[in-house]
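The structure appears right after this line, and notes come after that.
The values are calculated or read from the model by the stated rules, or taken from the named source; none is laboratory data. Everything numeric here is computed off the predicted structure, so don't read it as measured data. As a convention, Cβ positions derive from the backbone with ideal geometry for all residues, glycine included, and neighbour counts pool all protein chains shown. We work out accessible area using only protein heavy atoms, side chains counted, and drop any ligands, DNA or RNA first. Shrake-Rupley method; radii C 1.70, N 1.55, O 1.52, S 1.80 Å.
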Amino acid sequence: MSANHDAGQRAADGSTAQSGSGAWAHPLLRIEDLRVEYPGSGPAVTGVSLTVARGETVALVGESGSGKSTLANAVIRLGDGAVTGGRILFDGERIDDAGPRLLRQIRGARIGLVPQDPGTSLNPVLRIGDQVAEALRIHGRATRRDAWVQAVEILGTAGLDRPELRARQYPQDLSGGQRQRVLIGIALACGPQLVIADEPTSALDVTVQKRILDHLAVRAAESGAALLLITHDLGVAADRADRIAVMRNGEIVETGSTASILDNPQHEYTRRLLAAAPSLDTATRSARPAAPVPLLAATGLRKTFHLGHGETLTAVDDVSLHLDRGETLAVVGESGSGKTTTARILARLEQPDAGGIIFDGLDLGALSGSRLRALRQRIQVVYQNPYAALNPKLTVEAIVTEPLRAFDPESRGWRGLTPHGRAGRRHRAAELLDQVELPAAYAARRPAELSGGQRQRVAIARALSLRPDLVVLDEPVSALDVSVQAQILTLLENLQAELRSSYLFITHDLAVVRRIADRVAVMRDGRIVETASTADIFSAPTHEYTRELLAAVPGAAGTSGGRRAPVERTA
């Protein structure tokens, strides 16, 4: 372990933790030599010490599975992890051994949590407004009469459009980014002293991400609240954090001010993380000549959803686009702009109200029965939410080889892909897991035993198992830390070069777009407002909304220059 690690740990758990221009003798949160273990497994957190001062933002960064979320959950005793050593103090009071009554008083009211997964953290049978109002009523912040009005206001503050309408909807009616904003609203509803935000903006587009993080910063400055920000986005950490703690294999390997960590990292692992982070300085792909006949062409797509109470939502409005063989088209835009609905229509998972799609000479709208089933192996989807995309009852081996059992790849000339017997499936599963940088031993695990990033890698392996002509990737790397993200992007590029697969790449991460896309389509309010080569989008955007997106990218101004000015603090 490096000398810098020891020094960083002393700074983290000592009485002189500093941030910006102030120092605090009594941190709001103090974690001392913490150990957390899961039943039947080894320790997930080993000897971690960390402090968070009032009004301070501390970013906890590291690879998926490094123990970041386990550490966060241990603070408020969530999850199956058991604290087996060390202690946790909040506002001077020890809470790692707190009883149920004290925990109920702390959770939500004094410590707010923004959980990592927006897909499984909201009750699917309760309206959004009722779930926000419930948090207010439980902690005595509102009566039943006025809780709904306050809930609508909170949704608006959290960045949701038409908050009165969203309050009446159910979680499944919202996009992933919109659900994440609801969770942020709930976490802030009672004005907690500390907010633990576990990847709070991984599902958000850059403009909403900026509004949400600005909102968190303003609330912290106004109330003196602290923020423990768990993120794999080093641009967000650069912009927002006063200090950064780097975790690896359950340990904090380096801690320091944001400037010192980003400009002069001491630990080799920190240097690797920084080197792997996608950048807006990355060279764009060379423009490729247009194919005489595109692999996929969509014209005039339109889709309207009926929301009840006479309300309708036009999610896709007169969308036309094309995708050449071997090309990557990135679709970017705010959460709720229609990106995912467009992708589902193109993959024949949703029927449009109007418009047509031609795929390799086939009219997708006219296909049904066995012809539609045959098409499924040529178009595969990697979904946005790695938690809901995998069958929790199946092993990883069964999940990644399921498409091979359902289809006959050899009918398309892919010799050797069809596994013969259990041994053959195990061998093919090991090959697929190796492609996405997962050890072969993971084949026997189930999704509940994997981190979010590991689950997403399994989902990508499953989608690639059939070597499809078109892969629809809906935020495929938003749940991944930067080092694994770089590996997955390299993998996708190599497979595309080998197989000439086409990618429809839906993302809010413009640094990723710059690296992987040939062309970019920018969506807003269900419409495509601009389409151009990646180089032209970044160097000469023509639409004001595109310029807005580029201006909101975290860390865009550079490592140190992109960091926000520190908030003045007093002891």
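Just order 122-134, 354-366, 302-314 by mean Cβ neighbour count inside 10 Å, highest at the front, would you? Intermediate values should be presented prior to the final figure.
On the way: 122-134: 18.2, 354-366: 14.9, 302-314: 12.9.
The densest-packed peptide leads the list: 122-134, 354-366, 302-314.
What are the principal axis extents of the Cα atoms in the range 69-117, in Å, biggest first?
Principal extents (largest minus smallest coordinate, Cα): 29, 26, 18 Å.
How large is the charge dipole for the chain, taken about the Cα centre, if only the Cβ atoms of Lys, Arg (+1) and Asp, Glu (-1) carry charge, to the nearest 20 debye?
On the way: 66 positive and 65 negative charges, 241 e Å.
Using Cβ point charges on Lys, Arg, Asp and Glu, the chain gives about 1160 debye.
When ranked by the protection proxy of mean other Cβ atoms within 10 Å per residue, highest first, what sequence do the peptides 99-107, 153-161, 526-534, 468-476 form?
On the way: 99-107: 12.7, 153-161: 20.9, 526-534: 19.0, 468-476: 23.7.
The peptides rank, most packed first, as 468-476, 153-161, 526-534, 99-107.
Whenever you get a sec, compute what percent of the accessible area on the chain sits on carbon and sulfur atoms (1.4 Å probe). Each step should come with its number before you reach the end.
On the way: 11230 of 23210 Å².
Exposed carbon and sulfur together represent 48 percent of the surface.
Give me the angle, in degrees from 0 to 90, between the Cα long axis of helix 452-464 and the longest principal axis of the Cα atoms of the chain, rounded to the nearest 10.
In the chain, helix 452-464 runs at an angle near 10 degrees to the longest axis.
I need the shape label for the range 218-273. Rule: rounded when a/c is under 1.5, else prolate if a/b > b/c, else oblate, with a, b, c from the alpha carbon gyration tensor.
Details: a/c = 2.33, a/b = 1.86, b/c = 1.25.
Judged from the Cα gyration tensor, the range 218-273 comes out prolate (a/c at least 1.5, a/b above b/c).
Using only the heavy atoms of the protein chains and a 1.4 Å probe, how would Phe505, Phe538 rank by accessible area, largest first?
On the way: Phe505 0, Phe538 35 Å².
Result of the area sort, largest leading: Phe538, Phe505.
In debye, nearest 20, what is the charge dipole magnitude of the range 128-248 about its Cα centre with +1 on Lys and Arg Cβ and -1 on Asp and Glu Cβ, if you could check? Show your work: numbers first, answer last.
Numbers: 15 positive and 15 negative charges, 42 e Å.
So the magnitude is around 200 debye.
I'd like the Karplus ³J(HN,Hα) series for the range 347-362: coefficients 6.51, -1.76, 1.60, θ = phi - 60°, whole numbers in Hz, and an x wherever there's a Gly or Pro.
Calculated HN-Hα couplings, in order: 8, 6, 9, 9, 8, x, 6, 7, x, x, 9, 10, 10, 6, x, 9 Hz.
Starting from the Cα gyration tensor of the range 313-461, take the square roots of the eigenvalues, sort them a ≥ b ≥ c, and report rounded, prolate or oblate (rounded when a/c is under 1.5, otherwise prolate if a/b is larger than b/c, else oblate). Please list the in-between numbers first.
Details: a/c = 2.31, a/b = 1.47, b/c = 1.57.
Because a/c hits 1.5 or more and a/b fails to exceed b/c, the range 313-461 counts as oblate.
What is the packing order of peptides 447-457, 70-80, taking the mean over residues of other C-beta atoms within 10 Å and listing the highest first?
On the way: 447-457: 22.0, 70-80: 20.4.
In decreasing order of mean packing, 447-457, 70-80 become 447-457, 70-80.
In Å, the Kirkwood hydrodynamic radius of the range 200-323 over pairs of distinct alpha carbons?
After inverting the mean inverse Cα-Cα distance, the result is 19.1 Å.
Report, by chain and number, residues whose modeled amide H sits under 5 Å from the one on Ala354, excluding near sequence neighbours (fewer than 5 apart, same chain).
Arg302
Could you give the nm distance between label points at Glu153 and Arg422, where each point is 7 Å from its Cα heading toward the beta carbon?
Label-label distance for Glu153 and Arg422, simple model: 6.2 nm.
Give, to the nearest whole percent, the P(r) tail of the chain beyond 40 angstrom, counting all Cα pairs.
Values: 41167 of 162735 pairs.
In whole percent, the share of Cα-Cα pairs in the chain beyond 40 Å is 25.
Whole number please: convex hull volume per residue, Cα atoms of the range 401-550, in Å³.
Working: hull volume 20.1 nm³, N = 150.
Roughly 134 Å³ of hull volume per residue.
Hey, what's the per residue convex hull volume over the C-alpha atoms of the range 41-156, in cubic angstrom? Each step should come with its number before you reach the end.
Values: hull volume 18.3 nm³, N = 116.
So the per-residue hull volume is 157 Å³.
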